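Report on the following structure.
The values are calculated or read from the model by the stated rules, or taken from the named source; none is laboratory data. Not measured: the values here are computed from a predicted model. In this analysis, Cβ positions are derived from the backbone assuming ideal geometry, glycine residues included, and neighbour counts consider all displayed protein chains.
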Amino acid sequence: MKLVSFGDAGSERPGLLAAGDRIVPLDEVPGVSGDMNAILAQLPELRPRLAGLSGTVSLADVRLGPPVPHPGAIIAVGANYRAHITEIAGPAGPFPDTPVLFSKPAAALGGPYDPVVRPVESAQLDYECELAVVIGRGGRRIPREQALAHVAGYLIANDVTARDVFLGEMHKSPAYLQIMRGKGADTFCPTGPWLLTADQAPAPDRFRLRTWVNDELRQDGTTAQMIFDVPALVSSVSDAITLRPGDLILTGTPSGVGSTRQPPCFLQPGDTVRMEITGLGVMATPIRDER
């Protein structure tokens, strides 16, 4: 199934994308209640009830918001593709033994076609195409071999980064890295266009990720290149925090980010960043300057 949220920002409704690009408003289906997080928690029981429904809302007539508008946590993984580590740090040194985690605030969330806003503090806005894992069944210290049973599905995410803000005053001390400022600004986590449920998705190591800026292909990688695969990430994150339905885990980006190009090529107002992942649709976000 393809689950969506639709409507004005801040008041999105949960929906099911059905045949013919028609949306079934899930808040109108008897026996379905609550927000997307609640629906994900009940998905195994709801699945038979949702099968075969016909949509009543045209996809073309509504705004798509983040498929999960109110995740309890947005956890991102850094340095999870060998080629990306090499492109940002030079010849490959030792890779991490444990996933490198950070979080993004809820205010960073955006829909799949909403503008990404470059803040006035930054001249080095960059993209990072990532497979996002959506939790359906929560838990703490989930064993790796049980991790996929906790996954509701997958969606596209862009871990937008203001590189210059992110680096902060690193020239003074590594302690002065500005992770939240550089990766957590408003609009810095567009997601969508839909959540593909795990039962219809490729195997977690079979996703192909691609990014275009305007018409230029910038990133082209697969999840088979990850250092820590999806089960390992779900297990590791659950060692740090209790996972709950609707939580998002961004799994890292392949090589090809703008900051490592020669010369570096950062996003400019008027650009459009287009991201595609196998089975998860296409996300296209225009770049705007903060006004």
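For residue 239, the test of being surrounded by fewer than 19 Cβ atoms within 10 Å (Cβ to Cβ), in contact (Cβ under 8 Å) with a residue 24 or more places away in the chain and within 23 Å of residue 196 (Cα to Cα) is failed.
For every residue, the table says whether it meets (1) modelled with pLDDT of 95 or more; (2) within 24 Å of residue 185 (Cβ to Cβ); (3) among the aliphatic types (A, V, I, L, M).
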| position | (1), (2), (3) |
| --- | --- |
| 5 | yes, yes, no |
| 20 | no, no, no |
| 58 | yes, no, no |
| 64 | yes, yes, yes |
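Taken together, 132, 107, 157, 152 contain a single residue that is under 19 Å from the mean Cα position of the chain (by Cα), more than 21 Å from residue 44 (Cα to Cα) and buried (at least 24 other Cβ atoms within 10 Å of the Cβ), which is 157.
Selection of region 273-291 for residues being in contact (Cβ under 8 Å) with a residue 60 or more places away in the chain and closer than 18 Å to residue 115 by Cβ yields 273, 274, 275, 282, 283, 284, 285, 286, 287, 288, 289, 290. Can you find even one residue in region 265-283 that is in contact with a helix residue (DSSP H, G or I) (Cβ under 6 Å, 6 or more places away or on another chain), crowded, with 20+ Cβ neighbours inside 10 Å and either within 21 Å of residue 108 (Cβ to Cβ) or polar (S, T, N, Q) (or both)? Looking through region 265-283, at least one residue is in contact with a helix residue (DSSP H, G or I) (Cβ under 6 Å, 6 or more places away or on another chain), crowded, with 20+ Cβ neighbours inside 10 Å and either within 21 Å of residue 108 (Cβ to Cβ) or polar (S, T, N, Q) (or both). Filtering region 278-291 to residues that are of a type in the set (Val, Ile, Thr), outside any loop (DSSP other than H, G, I, E, B) and in contact with a Phe, Trp or Tyr (Cβ under 9 Å, 6 or more places away or on another chain) leaves only 285.
Out of region 19-42, which residues are among the aliphatic types (A, V, I, L, M), within 15 Å of residue 245 (Cα to Cα), buried (at least 17 other Cβ atoms within 10 Å of the Cβ) and out of contact with any strand residue (DSSP E or B) (no Cβ under 6 Å at 6 or more places or on another chain)?
Filtering region 19-42 down to residues among the aliphatic types (A, V, I, L, M) leaves 19, 23-24, 26, 29, 32, 36, 38-41.
Right, trim to within 15 Å of residue 245 (Cα to Cα) and you get 36, 38-41.
Narrowing the set further to residues that are buried (at least 17 other Cβ atoms within 10 Å of the Cβ) leaves 36, 39-41.
Correct list: 41 only.
Regarding residue 49, is this residue of a type in the set (D, E, K, R), farther than 25 Å from residue 254 by Cα and in contact with an Asp or Glu (Cβ under 8 Å, 6 or more places away or on another chain)? The answer is no for residue 49.
Scan region 222-277 for residues that are part of a helix (DSSP H, G or I) and in contact with a Phe, Trp or Tyr (Cβ under 8 Å, 6 or more places away or on another chain) and the total you get is 5. Just checking, does region 245-258 include any residue being surrounded by fewer than 22 Cβ atoms within 10 Å (Cβ to Cβ), polar (S, T, N, Q), more than 15 Å from residue 81 (Cβ to Cβ) and in contact (Cβ under 8 Å) with a residue 12 or more places away in the chain? No, there is no match, as no residue in region 245-258 is surrounded by fewer than 22 Cβ atoms within 10 Å (Cβ to Cβ), polar (S, T, N, Q), more than 15 Å from residue 81 (Cβ to Cβ) and in contact (Cβ under 8 Å) with a residue 12 or more places away in the chain. Here are 211, 197, 222: which of them is modelled with pLDDT of 95 or more, at negative phi and in contact with a Cys (Cβ under 7 Å, 6 or more places away or on another chain)? Exactly one residue qualifies, and that residue is 211. Return a yes/no flag: does region 201-221 have any residue that is more than 25 Å from residue 103 (Cβ to Cβ), outside any strand (DSSP E or B) and free of Cβ contacts under 8 Å to residues at least 12 places away in the same chain. Looking for residues that are more than 25 Å from residue 103 (Cβ to Cβ), outside any strand (DSSP E or B) and free of Cβ contacts under 8 Å to residues at least 12 places away in the same chain, one finds at least one in region 201-221, hence yes.
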